[in-house]
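A short worksheet on the structure shown next.
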Amino acid sequence: MEELIREILDSIAEPEIPDREFNILDFGAVADGKGDCTDAFRKAIETAASAGGGRILVPEGVYLTGPIHLESNIELHLEGATMKFHTDPKRYLPVVLTRFEGMELYNYSPLIYAHGKKNIAITGRGVLDGQANETNWWTWKGKEEFGWKAGMPHQGPDVAKLTQMVKNNVAVEERIFGEGHFLRPSFVQFYRCKNVLLEGFELINSPMWCIHPVLCESVIVRNVKISSRGPNNDGIDPESCRYVLIENCFFDTGDDSIVIKSGRNEDGRRINVPCEYVLARNNTVFGEKSHGGFVIGSEMSGGARKLVAANNLFVNLERVLRIKSNPRRGGFVEDVYFVNNVAVYVSEEFIVIHTDYDNETGDHPPLVRNIFVKNLKGIRGKYGVRIKGLENSKITDIHLEDCVLEDVEFAVQVEHCEVKIRNSRIGKYIFSDATLDGRMEAR
């Protein structure tokens, strides 16, 4: 594992930003939270890009804006500023190439977006506020708890339409959604970018996924605080990315917190790019709305490998380590190291792996193997270890070592899998050197 960590760190480069500064106030921005600063941000970015790049300085104050599209060699730097984003979907047109739940399409622009750029950054002390709530973006989920009421539009028909387009291999250029449709954009999405840095700011109230790099290489997310409890408000979703570092971040999310993805169904297999070489360390996940702490899937049709989660703290969430797929989504997960983590107050599982997620069926059984959990300390949960493979696709080479999971209702529940447990205590059971092969349930 140490060699893998070194390889990840040695392969990541921070963006190189030219030593030029462009103050957003010089381009007509007004820091009163009322005046529209969209054009000021656009002009500042265009001017900086024409000069070869530089830092867009956002001084203290409140700025109301529409979508921000970054160019290469640009850093958006907050100096105590709050950036509030419009909630009118029409502000996020024209449509751009993006992904919705692992499927490519043309949709509303993410609130902050870049495509095919190099050396880009968002840094500094400040707040990015998507202003999503039960009166705008969140209602599109179609659940009453997020403001939806009978008769209001929701995403269901559009998700079904996009899924069918993907199944029918409709060209991406013809998958046009946006106005008149109800698929929410991510907050920050960089698409096919290289050398990305996100550092120091707080992100709140996202329409959907919070930070969503897609097909990127060399990404650093450091000292970022994410507080967003809306529907599908995942924290950080590196999707089909390579060489990613997530460290010293705080998560209080409305869905999974650190989530590894690689595309969904036919689209994931068409693009066929795994998410690999990811290191998540020294992070804190907190909040009962968080579905999972460190999660792989469920959009993982392109596969995931060479992943490390180390020295993280998980408090008061549903699940800690979760791997999820099904025979429709397929994909593979291998060479995962979950080491030196601590978890307390877990309402569901400390460790859960299931390849029958959502009960979807298909002809692409997932492959899960070589998962190493070492020195996991956990107190109070419903399940210690819960693993369910498929009869025709057994989960193999799951290793637990030096783990202590106390005060659990169910210690171990496994089926169609091979699990090796050494020097560990799970509930009232002590495993000095055991191999669980097949099916077992121990309370």
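Structural remarks
- Flag for Leu57 being farther than 22 Å from Phe187 by Cβ, surrounded by 14 or more Cβ atoms within 10 Å (Cβ to Cβ) and aliphatic (A, V, I, L, M): no
- Taking the criterion of being surrounded by 14 or more Cβ atoms within 10 Å (Cβ to Cβ) and touching a residue at least 40 places away in the same chain (Cβ under 8 Å), the residues of segment 12-32 that qualify are Ile12, Ala13, Glu14, Pro15, Ile17, Pro18, Ala31.
- Of everything listed in (1) among the small types (Gly, Ala, Ser); (2) on the phi > 0 side of the Ramachandran plot; (3) assigned to a strand (DSSP E or B), the single unmet condition for Ala81 is (2).
- Taking segment 246-274 as the range and being assigned to a strand (DSSP E or B), surrounded by 24 or more Cβ atoms within 10 Å (Cβ to Cβ) and either at pLDDT below 95 or touching a Lys or Arg at 6+ places or on another chain (Cβ under 7 Å) (or both) as the test, only Thr253 passes.
- Figure legend. Inter-residue proximity from segment 173-201: first residues on the phi > 0 side of the Ramachandran plot and touching a residue at least 60 places away in the same chain (Cβ under 8 Å), second residues assigned to a strand (DSSP E or B) and not small (Gly, Ala, Ser), beta-carbon distance below 6 Å, spacing 6+ or different chains. Indicated pairs: Gly178/Asn107; Asn195/Lys118; Asn195/Asn119; Gly200/Thr123; Gly200/Arg125.
- Flag for Ser240 being more than 15 Å from His364 (Cβ to Cβ), in contact with a Leu (Cβ under 6 Å, 6 or more places away or on another chain) and surrounded by 23 or more Cβ atoms within 10 Å (Cβ to Cβ): yes
- Those residues of segment 294-332 which are assigned to a strand (DSSP E or B) and in contact with an Asp or Glu (Cβ under 6 Å, 6 or more places away or on another chain), in sequence order: Val295, Arg305, Lys306, Asn316, Arg319
- Selection count, segment 168-192, where residues are crowded, with 19+ Cβ neighbours inside 10 Å and within 28 Å of Ile204 (Cβ to Cβ): 13
The values are calculated or read from the model by the stated rules, or taken from the named source; none is laboratory data. Fair warning: this is a prediction, and the values are worked out from it, not measured in the lab. Cβ atoms come from the backbone with ideal geometry, glycine included; neighbour counts cover every protein chain shown.
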